[in-house]
Amino acid sequence: MELAKKHDALVIANFEVATYLSWKGLNTHGMSIGGAYEFDFGKVKMIQAFHGTGMMTENNEIIYGGMPAGILFMAEGKTVYHAGDTGLFSDMKLIGERHPIDLAFLPIGDNFTMGPEDAALAAEFLNAKEVVPIHFNTFPPIKQNPHAFVKMLKKNKGTVLEAGESIEL
Amino acid sequence: MELAKKHDALVIANFEVATYLSWKGLNTHGMSIGGAYEFDFGKVKMIQAFHGTGMMTENNEIIYGGMPAGILFMAEGKTVYHAGDTGLFSDMKLIGERHPIDLAFLPIGDNFTMGPEDAALAAEFLNAKEVVPIHFNTFPPIKQNPHAFVKMLKKNKGTVLEAGESIEL
Amino acid sequence: MELAKKHDALVIANFEVATYLSWKGLNTHGMSIGGAYEFDFGKVKMIQAFHGTGMMTENNEIIYGGMPAGILFMAEGKTVYHAGDTGLFSDMKLIGERHPIDLAFLPIGDNFTMGPEDAALAAEFLNAKEVVPIHFNTFPPIKQNPHAFVKMLKKNKGTVLEAGESIEL
């Protein structure tokens, strides 16, 4: 939020989070599942995910954060899918058919999201050209070996990114 | 709410919204996803949808409005589906197989819901005899041409309704 | 909660409910949809469900209870699925393929969850060896005949459990 304020950045989020952040003075664009919008920098489509969205406050309150979402980002002829935190779901097949995916970021941490086996199946469902594992090793219950995950991929290229590394499409 | 109180109408909603409105003195019947109930005027079945349900208060609070839903309404031998606000999902095929649909109201606005292309696919998934586009043109981010949408339908009759118009099944 | 405190039991729940209960002093393990975790007593995997999760307080407040969930429980070579409260969804096929199910607890009450017909289809989707109907007859809108449900099952063994009865796998 500090960063967004400093740079007067446009924050794109689901309607609930966008509204919440607009109350805090941020510049937001609210969307919801299945909706796409053409921005200056490319097109964003919000995709369903299966996960909780509670925002915990310092006063021990749970604020409802709207429907969980992943993001499709389309720009310069490429399509990137960030699954967000989610379990595996079959409509990943539909998403891959409707929007051929060049790069997918998929959670592999287990416990809170898909584990490596479900994520490998997700990669197959999505038919993504390249897959980068995310959401693991940040604390004990989601300890995983991303290199083992990449070896499980049959039809997708897998790439492990270290913090600070980038990828070119 | 004023109307419902004035006419002592029965408000059918998901459990959370029904409970919330009962606190305000309304006469409600709570349901949830997948559940059907036979009322005097016909049968209602609550269908999953993918959308946020936050109810924003004047005090900048977000009240959780339960799981998003569409509605199947069955009466006089006809079945009407109102998808609510939602993204496209493959179980629309299952819904159409379980409950042959005479008329479907589908959002086409994009940004917050399906856009025209996904909605045309939804109509095909549902195998609905007739489709009426909804949830568009009420404010700038969801500007759409409903007549262009109707032309995209391959196997479904499409009908654009103006405010105040009605349709006979 | 009294019982959990008395026995210092570990409460496994989605992240939101686990956090809420930890504020009340309980010992919790939070998870979310699609995530699995190996506990001392067996493995638990959290499965999507379609249902509301509002927790109603005595002060007429609705607390968001996270994403609705069912549970897969794997121990001693057996797999048990408790669907929770949910409507029918096609990914039950995927769950049954990924995790062959020995015993499934399925709601049949209708109104708030699947009714008997959708639950019979769920049993088929899951390809569960044995099915026990739950979530019915506890109050008027969900009155059902569990024995009639069991007769609807084509490929699954159905067992009606009375309160206090148990089943051996």
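The values are calculated or read from the model by the stated rules, or taken from the named source; none is laboratory data. It should be emphasised that the depicted structure is a prediction, and the values quoted were computed from it without experimental measurement. Glycine also receives a Cβ, built like all others from the backbone with ideal geometry; neighbour counts cover every protein chain displayed.
Is region B:146-155 home to any residue that is of a type in the set (G, A, S), modelled with pLDDT of 95 or more and surrounded by fewer than 15 Cβ atoms within 10 Å (Cβ to Cβ)?
yes
May I ask you to say which residue of A:L126, A:L94 is on the phi < 0 side of the Ramachandran plot and touching a residue at least 40 places away in the same chain (Cβ under 8 Å)?
The match here is A:L126.
Considering only residues that are aliphatic (A, V, I, L, M) and out of contact with any Ser or Thr (no Cβ under 9 Å at 6 or more places or on another chain), look in region B:64-87 and name the one that is nearest to A:G96 (Cα to Cα).
The residue in question is B:I71.
For region C:52-100, give me each residue that is among the hydrophobic types (A, V, I, L, M, F, W, C) and facing another protein chain (nearest Cβ under 8 Å).
Across region C:52-100, the qualifying residues are C:M56, C:I62, C:I63, C:M67, C:L88, C:F89, C:L94.
Is there a residue in region A:18-29 that is within 14 Å of the chain's Cα centre (by Cα) and farther than 26 Å from C:E16 by Cβ?
no
Do we have B:L103 as in contact (Cβ under 8 Å) with a residue 24 or more places away in the chain and more than 11 Å from every other protein chain (Cβ to nearest Cβ) here?
Considered against the rule, which asks whether it is in contact (Cβ under 8 Å) with a residue 24 or more places away in the chain and more than 11 Å from every other protein chain (Cβ to nearest Cβ), B:L103 comes out as yes.
Among residues belonging to region C:76-91 that are buried (at least 20 other Cβ atoms within 10 Å of the Cβ), small (G, A, S) and on the phi < 0 side of the Ramachandran plot, point out the one that is farthest from the chain's Cα centre (by Cα).
Filtering region C:76-91 for residues that are buried (at least 20 other Cβ atoms within 10 Å of the Cβ), small (G, A, S) and on the phi < 0 side of the Ramachandran plot, the one farthest from the chain's Cα centre (by Cα) comes out as C:G87.
Residues in region C:8-16: is at least one buried (at least 19 other Cβ atoms within 10 Å of the Cβ) and more than 8 Å from every other protein chain (Cβ to nearest Cβ)?
Scanning region C:8-16, I find at least one residue that is buried (at least 19 other Cβ atoms within 10 Å of the Cβ) and more than 8 Å from every other protein chain (Cβ to nearest Cβ), so the answer is yes.
Filter region C:121-136 for residues that are under 22 Å from C:E168 (Cα atoms) and either more than 11 Å from every other protein chain (Cβ to nearest Cβ) or surrounded by fewer than 20 Cβ atoms within 10 Å (Cβ to Cβ) (or both) and give the result.
Within region C:121-136, C:A123, C:E124, C:L126, C:N127, C:A128, C:K129, C:E130, C:V131, C:V132, C:P133, C:I134 meet the criteria.
Provide a single number: the residues in region A:100-116 that are in contact with a helix residue (DSSP H, G or I) (Cβ under 7 Å, 6 or more places away or on another chain) and either polar (S, T, N, Q) or surrounded by fewer than 19 Cβ atoms within 10 Å (Cβ to Cβ) (or both).
Number satisfying all stated conditions: 1.
I'd like to check something: does region A:101-110 contain any residue that is farther than 28 Å from A:H147 by Cβ and not hydrophobic (A, V, I, L, M, F, W, C)?
Checked against the condition, which is being farther than 28 Å from A:H147 by Cβ and not hydrophobic (A, V, I, L, M, F, W, C), region A:101-110 yields no hits at all.
Can you tell me which condition A:V160 does not meet? The list is (1) at pLDDT 95 or above; (2) in a helix (DSSP H, G or I); (3) surrounded by fewer than 20 Cβ atoms within 10 Å (Cβ to Cβ), and all the others hold.
Looking at each condition in turn, A:V160 falls short on (2).
Taking region A:74-113, which residues are farther than 24 Å from C:I71 by Cβ and part of a strand (DSSP E or B)?
A:M74, A:A75, A:K78, A:T79, A:V80, A:Y81, A:H82, A:L103, A:A104, A:F105 - these are the residues of region A:74-113 that are farther than 24 Å from C:I71 by Cβ and part of a strand (DSSP E or B).
For region A:23-51, name all the residues that are within 13 Å of another protein chain (Cβ to nearest Cβ) and aliphatic (A, V, I, L, M).
Once the filter is applied, which keeps residues that are within 13 Å of another protein chain (Cβ to nearest Cβ) and aliphatic (A, V, I, L, M), region A:23-51 yields A:M31, A:I33, A:A36, A:V44, A:M46, A:I47, A:A49.
Please go through region A:30-69 and give me each residue that is in contact (Cβ under 8 Å) with a residue 40 or more places away in the chain and either surrounded by fewer than 20 Cβ atoms within 10 Å (Cβ to Cβ) or over 20 Å from the mean Cα position of the chain (by Cα) (or both), ordered by number.
Once the filter is applied, which keeps residues that are in contact (Cβ under 8 Å) with a residue 40 or more places away in the chain and either surrounded by fewer than 20 Cβ atoms within 10 Å (Cβ to Cβ) or over 20 Å from the mean Cα position of the chain (by Cα) (or both), region A:30-69 yields only A:I63.
So is A:Y20 within 9 Å of chain B (Cβ to nearest Cβ) and either surrounded by fewer than 16 Cβ atoms within 10 Å (Cβ to Cβ) or within 24 Å of B:L121 (Cα to Cα) (or both) or not?
In short, no.
State whether one or more residues within region C:121-140 are part of a helix (DSSP H, G or I) and over 19 Å from B:D91 (Cα atoms).
Yes, region C:121-140 has at least one match.
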